[in-house]
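**Student:** My structure is below; once you've seen it, I'll send some questions.
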Amino acid sequence: MLHAHIAILSLVTIAIAASGCGGSSKETTTTTTTTTTTTATTPVPTAALVKVASGTPLTRAQWIARGEAICTKLNTQLEANTVKVASDFARVLPQAAAYEHAEYVSLVKLVPPQSMTSDWQQFLTETKKWSENSRKLGEDAVAGHFTFQDPLVTTTKNTHERLAAIAKRDGFKECALV
């Protein structure tokens, strides 16, 4: 899952470099509850924690295997949708968002081992945020409002980093690829 997501963000970075648009070297940290601007996308609000599915918990091996299968499917789908020119973002981002939402819907159905419930809840919450952010970026791309300076691009990158850390810590490989 995440490998393909970061690939899209990497393409954004490449496109920035190719277009001659540079980023600032100044590092900033922003804490935002709600931001409203007329020129940039408003970041998706922090979602409440996602409820973990109930039922008979999977073994750790089953949980990882099923999660990895879902993430592998997403990675394959995303890798099939390449960006060659900037105008491709209007086609690729909405499709990626649809794939990511389908992934979330599949992952949320897995019942983790009891000892992994808290991590899984965090992972699912971040996955939901990623899906929502991707949907919004896709909408912006279709409307011609997508820019690489959009704060939502940074927010989405940070969400990816949190997802990757949780997935890697829990033993996922496909779901933790960076």
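**Student:** Output the number of residues of the stretch 64-93 satisfying the condition of being free of Cβ contacts under 8 Å to residues at least 12 places away in the same chain and among the small types (Gly, Ala, Ser).
**Tutor:** Going through the stretch 64-93 one residue at a time, the tally reaches 4.
**Student:** Enumerate the pairs (first residue in the stretch 94-115 and over 19 Å from Arg60 (Cα atoms) and without any contact (Cβ under 8 Å) to a residue 60 or more places away in the chain; second residue anywhere and of a type in the set (S, T, N, Q) and in a loop (DSSP other than H, G, I, E, B)) with beta-carbon separation below 6 Å, excluding pairs fewer than 6 apart on the same chain, so at least 6 apart or on different chains.
**Tutor:** Going by the 6 Å Cβ cut-off, the qualifying pairs are Gln95/Asn81.
**Student:** Still on this structure, please answer the following. With the requirement that a residue be more than 17 Å from Glu103 (Cα to Cα), among the small types (Gly, Ala, Ser) and part of a helix (DSSP H, G or I), what does the stretch 130-146 give you?
**Tutor:** Answer for the stretch 130-146, where residues must be more than 17 Å from Glu103 (Cα to Cα), among the small types (Gly, Ala, Ser) and part of a helix (DSSP H, G or I): just Ala141.
**Student:** Also, quick follow-up: Filter the stretch 37-75 down to residues that are crowded, with 19+ Cβ neighbours inside 10 Å and polar (S, T, N, Q) and give me whichever is modelled with the highest pLDDT.
**Tutor:** By that ranking, first place goes to Asn75.
The values are calculated or read from the model by the stated rules, or taken from the named source; none is laboratory data. None of these values were measured; they are calculated from a predicted model. Cβ coordinates were reconstructed from backbone atoms using ideal geometry, including for glycine residues, and neighbour counts include every protein chain displayed.
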